[in-house]
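Here is the structure we will look at.
Computed from the coordinates by the stated procedures, all read-outs in this text should not be read as laboratory data. Just so it is clear, the structure is predicted and the values come from calculations on it, not from any experiment. Every residue, glycine as well, gets a Cβ built from its backbone with ideal geometry; the counts of neighbours run over all protein chains shown.
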Amino acid sequence: MDNTTVAAQPRRWWVRALLMLLVAVAFHLAASVLLCLALLQLVLLLATDAPNDRLRRFGAGIGRYLAQIADFVSFGTEEAPFPFSEWPSQAAG
């Protein structure tokens with residue numbers, strides 16, 4: 001059997017449904033982490049008059065990850081987000 005034929009076939013609906021369920025759980029966990037990070041950034045801002053740059057970059061990565069999940073579960077893409085693909089890279093600019 002030719003590998004290109006197998007790769008071109010759509011994903012079975014039950015596999016997609018299972019992936020959607022798993023990434024929906026990941027969405028809620030990531031959103032909770034983002035909320036904690038935002039509160040921590042607020043405390044750091046009050047304490048040091050400046051937000052933490054590492055936490056800012058990490059929060060931006062979580063935001064991109066949440067966008068990837070939303071794109072996947074709304075059928076905007078067939079590529080499943082992390083951990084089934086790479087962590088979203090930093091946006092250009």
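Annotations
- Longest site-free stretch - the chain; sites: trypsin sites (Lys or Arg not before Pro), DSSP loop, at most 13 other Cβ within 10 Å: 13-93
- Taking each DSSP H run with n ≥ 4 as -39500 (n - 2.57) and averaging over every residue of the chain yields -23500 deg cm²/dmol at 222 nm.
- Evaluating 6.51 cos²θ - 1.76 cosθ + 1.60 at θ = phi - 60° for every residue in segment 54-60, the Karplus couplings come out as 5, 5, 4, 5, 5, x, 5 Hz, glycine and proline recorded as x.
- Fully extending the segment from Ala24 to Arg56 would add 9.2 nm, taking 0.36 nm per residue of separation and subtracting the current Cα-Cα distance.
- Charge sum, other residues only, whose C-beta stays under 11 Å from Gln90's C-beta, Lys/Arg counted +1 and Asp/Glu -1: +2
- Relative contact order of segment 25-84, defined on C-alpha pairs under 8 angstrom at six or more residues apart (%): 29 percent
- Answer label, with Rg and Dmax of the Cα atoms in Å calculated from the coordinates and candidates (i) 17.3, 63; (ii) 14.2, 46; (iii) 13.8, 42: (i)
- Estimated inter-spin distance, Leu39 and Trp87, nm [label 7 Å along Cα→Cβ]: 2.3 nm
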